[in-house]
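Some notes on the structure that comes next.
Derivation of every value follows stated rules applied to the coordinates shown; laboratory data play no part. Model, not experiment: these values are computed from the prediction. Don't worry about glycine lacking a Cβ; one is built from the backbone with ideal geometry, like all the others, and counts go over all protein chains shown.
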Amino acid sequence: MNFKIYNTLSNKKEPFVPLNPKCIKMYVCGPTVYNYAHIGNARPAVVFDVLYRVLTNIYPEVIYVRNITDVDDKINEAAKKLNEPISFITNKYTDIYHQDMKNLCVLSPDHEPRVTDNIKQIISMIQKILDNKNAYINKDHVLFDVTSFKEYGKLSNRDKDEMLSGARVEVADYKKYPGDFVLWKPSSENEPGWDSPWGYGRPGWHIECSSMAETYLGEEIDIHGGGQDLIFPHHENEIAQSCSAHNNNNYVKYWVHNGYLNMEGEKMSKSLGNIVTIKELLDKYDGEVIRLALLSTHYRKPINFGESLLEQSQNILNKLYKNLNNEKHNDDLVSDDVINPLLDDLNTPLSISNLLKIKCSKTLLNSANLLGLLNRTADEWFSLNNKSTMLENDIELLIQERDNARKSKDFIRADEIRDQLDKNNVILEDVDGKTIWRAKK
RNA sequence: GGCUGAGUGGCAGAGUGGUUAUGCUGCGGUCUGCAAAACCGUUUACGCCGGUUCAAUUCCGACCUCAGCCUCCA
């Protein structure tokens, strides 16, 4: 198999050569659990789920780690606002996130570590960075010394000095160099905190990923993924931390980043009031529809999310589920036209369009599963969903009445019944002298 | 200002140095009591300007426009 993936480190599409072909190691930055996840958070989850499925298809073993960030100042704020313990907030939104992921047909990662379960390891990593003279202590903070790390900026193509000229944030007075970032910071009594060699406190933002990747995957990993906005500073800082702690410059071989999601052409933001949560969308659309919509644009391109994209995705899924009723051959393979585009830097749009060309239902099912689609039977898909208020029995009775009307050429009455059912989201089809119905999707 | 991308037909979205993407929508047709579904047909595509070439949407160069990042946002 010849798998190619775009590497942010080189800004090029590269052939994927694993560190160890027997076991692929992949880490993806997971959610900070302080609120409902929005549709933008769903994109990396779905994209890297496809990557996981593709890798699993090629290699005998893939270890996929996606963390839960449950230590963060945003969580503290949310807890304060609601007057609830922090663990209440983090548990609640972790559960909701899991539910969302399940609905989007995202497979569970092999490990889903939480920061609060990894404080010991984080502390020992910070200690190593200090021992290696890549960090310093000042005013109860442990700070990473950016000037001590020569390769700083290699992922985001930034020059240490030029970066500062554009800086628009006030520099904290405990920093030696403005680009230095926090590894450990002090906590007040009502903030979450742990005892450490540097006093009671909590980890900074970037260290948890470095630490958990090391704990669950080892010092060197094949793939590290996340949203494009994480390239700087988060991933740049991860590199600095891990390489400093390990005395080894080979932390991650392939950095993979997905593009942004816009809502109807506009950036999602609180000020525009156009943030849409996964949960809200799931009330209106099936999870598979949302999943297909997210995969209908190449993962590195910005995606323009909205009603029309979802409608289009709905139509495509209807078509695919319909094709699931085509004749079955003994062909039990995954279509080359579906897998090959995926092997070429996850070209999901091309892969999906080729899905529509598959004639054999068995091949279609196998191929679609690679994308995490067609997880149900056609009957389940087209069966009445809770959008309709009608009972199956009533529908059957009306159909019978319509058939009688048609036989006696009372087409006015027949059409009335059709309209009535249509208003209740039921579509009638007269096929081979029989009348079948299905829910409007 | 620096860095990274992107500009394709009504819309979404692939791809390619010369021959159909695909889907949705619109229009026309076959079918139907009417529909639906299915099938068939169909409408001006490749930001602008140069260059290379027998040939460029595709390669090269400049330009224009847009987006993201430049310290806690996926």
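A compact table of results
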{"quantity": "Theoretical gain in end-to-end length, A:H234 to A:K279 [0.36 nm per residue, Cα-Cα removed]", "calculated": "13.5 nm"}
{"quantity": "Candidate aspartates and glutamates - alpha carbon under 14 Å from A:K102, same-chain residues fewer than 8 apart omitted", "calculated": "A:D49, A:D286, A:E288"}
{"quantity": "HN-Hα J in Hz across the range A:2-16 - Karplus 6.51, -1.76, 1.60, θ = phi - 60°, x for Gly and Pro", "calculated": "10, 9, 10, 9, 7, 10, 4, 4, 10, 6, 9, 7, 10, x, 7"}
{"quantity": "Debye log10 I(q)/I(0) at q = 0.12, 0.13, 0.20 Å⁻¹ for the range A:132-247, Cα point scatterers", "calculated": "-0.45, -0.53, -1.23"}
{"quantity": "Label point 7 Å beyond Cα of A:D173 along Cβ direction - residues of the range A:121-148 with amide nitrogen under 18 Å", "calculated": "A:137-143"}
{"quantity": "Sequence-separation-based contact order of chain A, relative, with Cα cut under 8 Å and 6+ spacing, percent", "calculated": "16 percent"}
{"quantity": "Highest-fluctuation residue, A:E266, A:E401, A:E288 considered, GNM on chain A with Cα pairs under 10 Å", "calculated": "A:E401"}
{"quantity": "Model label zone, A:K4; criterion: amide N under 20 Å from point 7 Å along Cα-to-beta-carbon; scope the range A:14-31", "calculated": "A:14-19"}
{"quantity": "Percent of Cα pairs exceeding the 29 Å cut-off, where the set is chain A", "calculated": "55 percent"}
{"quantity": "Contact order relative to length of the range A:7-156, as percent, for alpha carbon pairs under 8 angstrom and 6 or more apart", "calculated": "25 percent"}
{"quantity": "Over 24 Å (Cα to Cα) - which of A:K301/A:K322; A:K319/A:K440; A:K128/A:K150; A:K92/A:K279; A:K357/A:K423; A:K81/A:K279 fall in this group", "calculated": "A:K301/A:K322; A:K357/A:K423"}
{"quantity": "Surface/4 estimate of mean projected area, convex hull on alpha-carbon atoms of the range A:305-385, nm²", "calculated": "5.7 nm²"}
{"quantity": "Where N is the number of residues in the range A:387-441, Cα Rg divided by 2.2 N^0.38 Å", "calculated": "1.05"}
{"quantity": "Global form of the range A:1-150, assessed from the alpha-carbon gyration tensor, a/c cut-off 1.5", "calculated": "oblate"}
{"quantity": "Top of A:I119, A:I290, A:I58 by mean-square fluctuation, Gaussian network on chain A, Cα under 10 Å", "calculated": "A:I58"}
{"quantity": "DSSP bridge orientation in chain A - percent antiparallel, rounded to nearest 5", "calculated": "55 percent"}
{"quantity": "Calculated FRET value between A:I436 and A:C23, using beta carbons and R₀ = 60 Å, to 0.05", "calculated": "0.75"}
{"quantity": "Extension reserve of the A:R406-A:D117 stretch, reckoned as 0.36 nm per residue once the Cα distance is removed", "calculated": "97.2 nm"}
{"quantity": "Sum of side-chain charges, A:L107 neighbourhood, beta-carbon under 9 Å (Lys, Arg +1; Asp, Glu -1)", "calculated": "0"}
{"quantity": "Global size of the range A:225-320 as Cα Rg and Dmax, reported in angstrom", "calculated": "17.5, 54"}
{"quantity": "Within a Gaussian network of chain A (alpha carbon springs, distance under 10 Å), most fluctuating of A:L397, A:L281, A:L324", "calculated": "A:L397"}
{"quantity": "Value of [θ]222 nm, deg cm²/dmol, for chain A, DSSP H segments ≥ 4, -39500 (n - 2.57) each, nearest 500", "calculated": "-12500 deg cm²/dmol"}
{"quantity": "Measure of compaction for the range A:4-261 (Cα Rg per 2.2 N^0.38 Å)", "calculated": "1.00"}
